[in-house]
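Down below is the structure, laid out as structure tokens.
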Amino acid sequence: MLKIGITGGIGSGKTTICKVFETLGIPVFYADTVAKQIMTSDSILMQGIKDTFGTQSYFENGMLNNKHIANIVFSNETELNKLNALVHPAVFRAFEIWDAKLPKHLPYSLKEAALLFESGSYKMCDKNILVTSPHTLKIARVTQRDNVSEEQVLARMSKQFTDRQKLKMADYLIENNENKSIILQVLDLHQQFIEMIKF
Ligand code: ATP
């Protein structure tokens, strides 16, 4: 079974496209959702966070002290890198456990991650898909979806590689714009991945 990574800038539509793959029976691992979940369930990760950012990183009831962590890592790249160095391997462990339990007859699984290239986890996938969308459309979609300002979206975008950088690392491209059908593009890739495992 192949492991396919899928990524794209904020608001590019990667989650929407993963939902189309799911309708074809392809299981999707949503790395960003899992990252939030394991902050309070992966004991190795939790210990690493306490050792790095202090025991006050968790409340007595085991909940994550988001405010404490955010205060440390917000606008401090060194601290953010330390957090990422703890979280990314933990997400990788969770993905491997999840993937190993999937039925073996499936042609491939998808790993959706906003920072697939930035984190280096694309190297652990057999192939990687980049989802792109016009800049103005991404901003319009995210401001509407999250009820946030354009400045907030631009601030989030500045923490990600540009599409130009990501294109160099991607094997496949899905263009999510108003002129192209995402369903047809997904069906085309689905067929290519099925063909790939036959050889
Ligand atoms: P993030 O990185 O912020 O999680 P994302 O890349 O996963 O974003 P989505 O959440 O899939 O992006 O899409 C952003 C918004 O745009 C959503 O509200 C989604 O419904 C909408 N959207 C995405 N693609 C399309 C499309 N082709 N047609 C209509 N709406 C779309």
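The values are calculated or read from the model by the stated rules, or taken from the named source; none is laboratory data. Just so you know, these numbers come straight off a predicted model, no measurement behind them. Positions of Cβ are generated from backbone atoms using ideal geometry, with glycine treated the same way; all protein chains shown enter the neighbour counts.
Counting the residues of the range 11-25 that are within 28 Å of Pro103 (Cβ to Cβ), within 16 Å of the ligand (Cβ to nearest atom) and not basic (Lys, Arg) gives 9. Does Ile129 count as more than 30 Å from Met196 (Cα to Cα), in contact with a Leu (Cβ under 9 Å, 6 or more places away or on another chain) and not acidic (Asp, Glu)? Criteria not met by Ile129. Being over 16 Å from Lys14 (Cα atoms) and surrounded by 13 or more Cβ atoms within 10 Å (Cβ to Cβ) is a description that applies to Thr143. Among the residues here, Met63 does not qualify as of a type in the set (A, V, I, L, M, F, W, C), in the same structural domain as Ala155 (by TED's automatic domain parsing), away from the ligand (no atom under 16 Å from the Cβ) and farther than 30 Å from Asn177 by Cβ. Across the range 31-49, the qualifying residues are those that are surrounded by fewer than 16 Cβ atoms within 10 Å (Cβ to Cβ) and within 13 Å of the chain's Cα centre (by Cα), and the one among them that is nearest to the ligand (Cβ to nearest atom) is Asp32.
Every condition in (1) closer than 17 Å to Thr15 by Cα; (2) within 14 Å of the ligand (Cβ to nearest atom) holds for Thr136 except the one numbered (1). Within the option set Asn65, Asn128, being modelled with pLDDT of 95 or more and surrounded by fewer than 18 Cβ atoms within 10 Å (Cβ to Cβ) holds for one residue only, Asn65. Scanning the range 159-199 for residues that are away from the ligand (no atom under 14 Å from the Cβ), surrounded by fewer than 16 Cβ atoms within 10 Å (Cβ to Cβ) and hydroxyl-bearing (Ser, Thr, Tyr) yields a single hit, Thr162. Evaluation of Ser57 against the conditions (1) buried (at least 17 other Cβ atoms within 10 Å of the Cβ); (2) more than 21 Å from the chain's Cα centre (by Cα); (3) modelled with pLDDT under 95 shows that the sole unmet condition is (3).
Can you find a residue that is in contact (Cβ under 8 Å) with a residue 24 or more places away in the chain, within 16 Å of the ligand (Cβ to nearest atom) and within 28 Å of Met196 (Cβ to Cβ) anywhere in the range 81-90? Within the range 81-90, none of the residues are in contact (Cβ under 8 Å) with a residue 24 or more places away in the chain, within 16 Å of the ligand (Cβ to nearest atom) and within 28 Å of Met196 (Cβ to Cβ). Taking the criterion of being touching a helix residue (DSSP H, G or I) at 6+ places or on another chain (Cβ under 8 Å) and away from the ligand (no atom under 11 Å from the Cβ), the residues of the range 142-151 that qualify are Ser149, Glu150. Selection of first residues in the range 126-147 that are of a type in the set (D, E, K, R) and of second residues that are part of a strand (DSSP E or B), restricted to Cβ pairs under 6 Å at least 6 apart or on distinct chains, gives the following pairs, ordered by first then second residue: Asp126/Leu2; Asp126/Lys3; Lys127/Ile4. Scanning the range 1-10 for residues that are under 17 Å from Leu187 (Cβ atoms) and within 8 Å of the ligand (Cβ to nearest atom) yields a count of 0.
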